[in-house]
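Everything below concerns the one structure shown next.
The values are calculated or read from the model by the stated rules, or taken from the named source; none is laboratory data. These figures come from a predicted structure and were not determined experimentally. We place every Cβ from the backbone using ideal geometry, glycine too, and count neighbours over all the protein chains shown.
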Ligand SMILES: [Mg+2]
Ligand SMILES: [Zn+2]
């Protein structure tokens, strides 16, 4: 079995431009401590898989080439810091297309089954939206809700059924919680 961590992109790894899409590398800025978090996860043996809705493509707000250009630059910036992203799955459909991969649907996670071998019950998904938590739960994962990005707004949308296992200020704190928990279960 692989040790896998699923992470949402906008609002978790990078600063979300609330109400607008991240269309170019110029608009992409890592959240404070995000790179350190990713490095720690790598060092702890985690395969990092990014799961991200990018409806701006399907909705015609920016082009798919722009997404892949930005993606490539993000990967290069991380590689320079010896951080490896195992895989990334984007939903490029518009918001109203009714696809099976836009979170809270689980299609992107299903695709990840071909990329890594993981135990759903022991695997976490870290996200900043209630729909991230919902998707993770539907797929049978554990979830961590972070208070960056949409977190402060979406916190109100969490319910008794859409409820994360853990809550953290940001990706770095989520990582610390996760790694501490790993140590406890190991011992
Ligand atoms: Mg997000
Ligand atoms: Zn989709």
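Only helices (runs of 4 or more DSSP H) wholly contained in region 99-187 count here; list those with 2 or more residues that are buried (at least 20 other Cβ atoms within 10 Å of the Cβ) and away from ligand 2 (no atom under 16 Å from the Cβ). Walk me through how you get there before you give the answer.
Numbers: elements: 107-112, 130-138, 151-154, 171-186.
Once the helices (runs of 4 or more DSSP H) in region 99-187 are filtered for at least 2 residues that are buried (at least 20 other Cβ atoms within 10 Å of the Cβ) and away from ligand 2 (no atom under 16 Å from the Cβ), what remains is 130-138, 151-154, 171-186.
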Problem set entry | Selection status of residue 59, within 16 Å of ligand 2 (Cβ to nearest atom), within 28 Å of residue 120 (Cα to Cα) and surrounded by 14 or more Cβ atoms within 10 Å (Cβ to Cβ) | no
For this session: Starting from region 35-59, keep only residues that are closer than 18 Å to residue 170 by Cβ and at pLDDT below 95, then list their pairs with residues that are more than 12 Å from ligand 2 (Cβ to nearest atom) and part of a helix (DSSP H, G or I) whose Cβ atoms are within a distance under 6 Å, requiring at least 6 positions of separation or different chains.
Result: none
Problem set entry | Which numbered condition residue 53 misses (of (1) in contact with a helix residue (DSSP H, G or I) (Cβ under 6 Å, 6 or more places away or on another chain); (2) within 13 Å of ligand 1 (Cβ to nearest atom); (3) under 21 Å from residue 120 (Cβ atoms)) | (1)
Exercise. Inside region 2-34, can you point out the residues that are touching a residue at least 60 places away in the same chain (Cβ under 8 Å), within 15 Å of ligand 1 (Cβ to nearest atom) and surrounded by fewer than 17 Cβ atoms within 10 Å (Cβ to Cβ)?
Worked result: 18
For this session: Pull up region 71-95, narrow it to residues that are in contact (Cβ under 8 Å) with a residue 24 or more places away in the chain and farther than 27 Å from residue 168 by Cα, then point me to the one that is surrounded by the fewest Cβ atoms within 10 Å (Cβ to Cβ).
Result: 95
